[in-house]
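Data block below; observations after.
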Amino acid sequence: MGKISVETCEIEGLKIITPSVFGDERGYFMETYNYNDFAEAGITEKFVQDNQSASKKGVLRGLHFQINYPQDKLVRVVNGEVFDVAVDLREGSATFGKWFGVTLSAENKKQFFIPKGFAHGFLVLSDYAEFCYKCTDFYHPGDEGGLPYNDAEIGIAWPIPEGMELTISEKDQNWSSFAMYCSKKNG
């Protein structure tokens, strides 16, 4: 493998990828994606769409998931720093309803692989951040679901510094609870 190192997480399927970075007095070079290296690490999904967003400090996006057209995602930060979170929504999973978070930054160059069946969100920790992600399905308007970022049953420990004011979209403030999500899935 050599060009990337891959850490598995306590939730099966989630992976943190750290690329090899080659730097000198001019700057640095790294491969952000190479199918062969990722396939060797067990990530063989075909990515069909790349997205990028920019946000200011305190912006919290998520927790989002796709209902009928789920996506695997490979996410990274190219400017700034975010705390990135995935919540396991896979039926029958031993870690259903559990979350995992990782700090992604332009400095650490880590990437986070999130397979289908997870809700995803992030909090911007730096003054400004640019967030990039590859997806295995195209965006389908009207197919998005979500959960509240602060749902007590999920219990995400967001690293919100004292004095940070959160900026959350109206849509993200109005998602139904995790308990409601579970009752709809089982109803």
Whichever residue in region 1-39 is open to solvent by less than 40 Å² (accessible area, probe 1.4 Å) and touching a Cys at 6+ places or on another chain (Cβ under 9 Å) and, among such residues, is nearest to ASN108 (Cα to Cα): ILE16
Lone qualifier among LEU147, LEU123 - being closer than 14 Å to HIS64 by Cβ, more than 13 Å from the chain's Cα centre (by Cα) and surrounded by 15 or more Cβ atoms within 10 Å (Cβ to Cβ): LEU147
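Provide a single number: the residues in region 156-173 that are of a type outside the set (A, V, I, L, M, F, W, C), in a loop (DSSP other than H, G, I, E, B) and under 17 Å from the mean Cα position of the chain (by Cα).
Narrowing region 156-173 to residues of a type outside the set (A, V, I, L, M, F, W, C): 159, 161-163, 165, 167, 169-173.
Cutting the leftovers down to in a loop (DSSP other than H, G, I, E, B) gives us 159, 161-163, 165, 169.
Filter once more, keeping what is under 17 Å from the mean Cα position of the chain (by Cα): 159.
The qualifying residues number 1.
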Scope region 153-183; condition surrounded by 10 or more Cβ atoms within 10 Å (Cβ to Cβ) and among the charged types (D, E, K, R); matching residues: GLU153, LYS171, ASP172
Filtered residues of region 40-60 (kept if under 18 Å from GLU7 (Cβ atoms), open to solvent by 30 Å² or more (accessible area, probe 1.4 Å) and either of a type in the set (Gly, Ala, Ser) or part of a strand (DSSP E or B) (or both)): GLY42
Neighbours by Cβ (under 6 Å, 6+ apart or cross-chain): first from region 160-171, within 13 Å of LEU60 (Cβ to Cβ); second open to solvent by 60 Å² or more (accessible area, probe 1.4 Å) and assigned to a loop (DSSP other than H, G, I, E, B): none
Count - residues of region 92-117 that are open to solvent by less than 30 Å² (accessible area, probe 1.4 Å) and in contact with a Pro (Cβ under 6 Å, 6 or more places away or on another chain): 0
Among (1) surrounded by 17 or more Cβ atoms within 10 Å (Cβ to Cβ); (2) among the aliphatic types (A, V, I, L, M); (3) more than 22 Å from THR32 (Cβ to Cβ) - the single one VAL85 does not satisfy: (3)
Lone unmet requirement of (1) without any contact (Cβ under 8 Å) to a residue 24 or more places away in the chain; (2) closer than 23 Å to GLU12 by Cα; (3) not basic (Lys, Arg) for SER183: (2)
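The values are calculated or read from the model by the stated rules, or taken from the named source; none is laboratory data. Since the structure is predicted, the reported quantities are computational estimates derived from the model, not experimental observations. Note that each Cβ is placed from the backbone with ideal geometry, even for glycine, and that neighbours are counted across all protein chains shown. The accessibility values were calculated without ligands, DNA or RNA, using every heavy atom of the protein model including side chains. Shrake-Rupley method; radii C 1.70, N 1.55, O 1.52, S 1.80 Å.
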